[in-house]
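Right, one structure below, let's go through it.
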Amino acid sequence: MECQDYGLTRKSERENLNLNPLQRGGVLPKEARKALYEFSDGYSVCDYCAGRLDEITKPAINSFLDDLANFIGTDHARTVHGAREGKFAVMHALCRPGDTIVVDGNAHYTTHLAAERCQLNLVDVPHSDYPEYRIKPESYKQVLDDQYDRGEDISLILLTHVDGDYGNLTDARSIGKIAHDYGIPMLLNCAYSMGRLPINAKELNADFVVGSGHKSMAASGPIGVLGLKDEWAEAVLKRSAKHAVKEIEMLGCTSRGAPVATLMASLPLVMERVKKWDLEVQKTRDFVGKLEKLGGVKQIGIKPTEHDLVRFETPIFDKIAQNHPRRGFFLYEELKKRRIIGIKRGQTRWFKCSVYGFTQEQVDYISRAFAEIVSAYDDIS
Ligand SMILES: *Cc1c(COP(=O)(O)O)cnc(C)c1O
C-alpha cells in the first residue's frame with residue numbers, strides 16, 4: 001500500500017494575520033521552535049529519567065515545575081495533555097460516579113465531557129441574559145443554596161475563568177470564597193487566562209487551576225498545566241500500589257517530549273508577557289471601538305471587554321452577504337485577499353476574533369481592512 005500525500009504544509013501563520021482566538025496565544029517564540037526541533041524525537045525528555053517525569057533534572061523539568069507552581073500560586077504543578085485532562089484528573093480523583101458537581105453556564109464542552117467520563121451529575125449556574133452573559137457570584141450562591149436545601153452533596157465546583165464564547169472574565173475570587181464557605185473545593189479553568197494574564201490561585205481562592213499550553217502559553221502542545229494546593233496532593237497525586245513512584249491520575253508520565261520542551265522554553269517569555277496584559281486589553285478595547293464605529297457591528301459579552309477574545313454581532317456583513325454574488329463567503333474572501341484569516345468561511349452574522357500579540361500597526365491594518373470592506377459595499381448594505 002502506498003500512502004497519499006497528506007498535505008503537511010502550513011503557511012497560515014507565516015503569511016497571514018490570524019484572528020482566530022484559539023490560536024493567538026499558542027504561537028511559538030523562536031526559543032520554543034528551537035526546543036521543538038531539539039526534542040522532536042519520541043520520549044526525548046527521558047534520557048536521564050530515574051522513574052519520575054516531574055523529577056527529571058536534564059532537561060530541568062523539576063525546576064521548571066517549581067517555577068510554574070510559583071508563577072500560578074499553587075503548591076504543586078504538573079503538566080498534563082491539556083486543560084481537559086487536568087479537569088478530568090481532578091474530577092476522577094475527587095468524585096465518585098453519581099456525585100454532583102456545580103459548573104458555570106459558560107463552561108467549555110470539555111468540562112461537560114470530563115464530567116460525563118467520570119459519570120457525574122452536572123448542575124449549571126445560569127449566566128445573565130443577552131447581551132452580557134455574565135456569570136455572577138450570587139448565582140453560584142443561589143444554586144448552592146438550592147442544592148443544599150434539597151440535601152444534595154456537591155463534590156466540586158468548577159468555574160471558567162475566561163470563557164471561549166464571549167471572553168468574559170469571571171469574579172473567581174468571590175466565587176472561590178463562596179465555595180470555601182460551603183466547604184467545597186473549586187477548580188478554576190484558566191485555559192484562556194493562564195499565560196495571558198497573571199494568575200494566582202491562592203488569591204483567587206482556587207484549590208485547583210488548569211491551563212492550556214497550546215492555547216495560552218506559547219507551547220506547541222498538546223500540553224496542559226494542573227496546579228493544586230497541598231491539601232489535595234494526597235488525593236490527586238496519589239501513587240500506585242504496584243509501581244510505587246508513579247502517580248495514578250497522571251498514568252505515571254504525562255508529556256514525554258516536544259510538547260513539554262516547548263512549554264519550558266516559552267515559560268520565561270510567558271512570565272514577562274503577562275505583565276503587559278493591561279496593554280493587550282487596551283489594544284483590544286480600541287480595536288472594538290474602531291469596529292463598532294463602522295455601524296452594524298456590536299461587541300457582546302461584558303463591556304468594555306476584559307479579555308482579548310471578543311465576540312461581535314455583525315448585521316452589516318450579513319446584509320452585504322444577502323446581496324453579494326459570493327453570499328456568506330464574501331467576508332472570508334475579502335479578508336483573505338488582505339492576508340487576514342481566522343474568521344470562518346461563510347460566517348457573517350457574528351464572529352469571534354482576537355488581536356492578541358499583534359503590534360499596534362498590525363491591529364490598525366486589520367481595522368482598516370474591515371473599514372474598507374464595509375465602504376466597498378456601501379451600495380448593497
Ligand atoms: C480551549 C479551552 C479548553 C480546552 O483546552 P485543552 O487544553 O485543549 O484541553 C478548555 N476550557 C476552555 C474554557 C477553553 O477555552
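Where a number appears in this text, it was derived from the coordinates with a stated rule and is not lab data. Since this is a predicted model, take the numbers as computed values, not measurements. Note that each Cβ is placed from the backbone with ideal geometry, even for glycine, and that neighbours are counted across all protein chains shown.
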> When ranked by the protection proxy of mean other Cβ atoms within 10 Å per residue, highest first, what sequence do the peptides 48-57, 131-140, 30-39 form?
Replying inline: 131-140, 30-39, 48-57
> Taking the highest mean first, how do the peptides 173-183, 207-217 order by number of other beta carbon atoms within 10 angstrom per residue?
Replying inline: 207-217, 173-183
> Fully extended, how many nm does the chain gain between Glu55 and Lys30 (0.36 nm per residue separation, minus their Cα-Cα distance)?
Replying inline: 6.4 nm
> Given 0.36 nm per residue, what is the gain on full extension from Asp5 to Lys246 after removing their alpha carbon distance, in nm?
Replying inline: 82.7 nm
> Quick one: helix 172-181 against the long Cα principal axis of the chain, what's the angle to the nearest 10°, folded into 0 to 90?
Replying inline: 30 degrees
>> Place a point 7 Å from Cα of Ser44 in the direction of its Cβ. Which residues in the stretch 227-271 have their backbone N less than 20 Å from it?
In response: 253-270
> Can you give the relative contact order of the chain as a percent, counting alpha carbon pairs under 8 Å and 6+ residues apart?
Replying inline: 22 percent
> So what are the ³J(HN,Hα) numbers for the stretch 282-288, from phi and the Karplus equation (6.51, -1.76, 1.60; θ = phi - 60°), rounded to whole Hz, Gly and Pro as x?
Replying inline: 4, 4, 5, 4, 5, 4, 4
> Between Leu294 and Phe329, 0.36 nm times their residue separation minus their Cα-Cα distance comes to what?
Replying inline: 10.6 nm
>> Apply the a/c threshold of 1.5 to the C-alpha gyration tensor of the stretch 30-273 and tell me whether it is rounded, prolate or oblate.
In response: prolate
> If you place +1 on the Cβ of every Lys and Arg and -1 on the Cβ of every Asp and Glu, how big does the dipole about the Cα centre of the stretch 30-273 come out, in debye to the nearest 20?
Replying inline: 840 debye
> Lys336 versus Asp145, label points 7 Å from Cα toward the beta carbon: distance in nm?
Replying inline: 5.3 nm
> Which angle between 0 and 90 degrees, to the nearest 10, do you get for helix 61-72 versus the longest principal axis of the chain when only C-alpha atoms count?
Replying inline: 60 degrees
> Okay, which of the stretch 337-367 sit inside 11 Å, backbone N to the point 7 Å along the Cα-Cβ direction of Asp286?
Replying inline: 359-365
>> I'd like the distance between the alpha-carbon centres of the stretch 232-270 and the stretch 11-38, rounded to an integer number of Å.
In response: 25 Å
> When ranked by the protection proxy of mean other Cβ atoms within 10 Å per residue, highest first, what sequence do the peptides 236-242, 19-25 form?
Replying inline: 19-25, 236-242
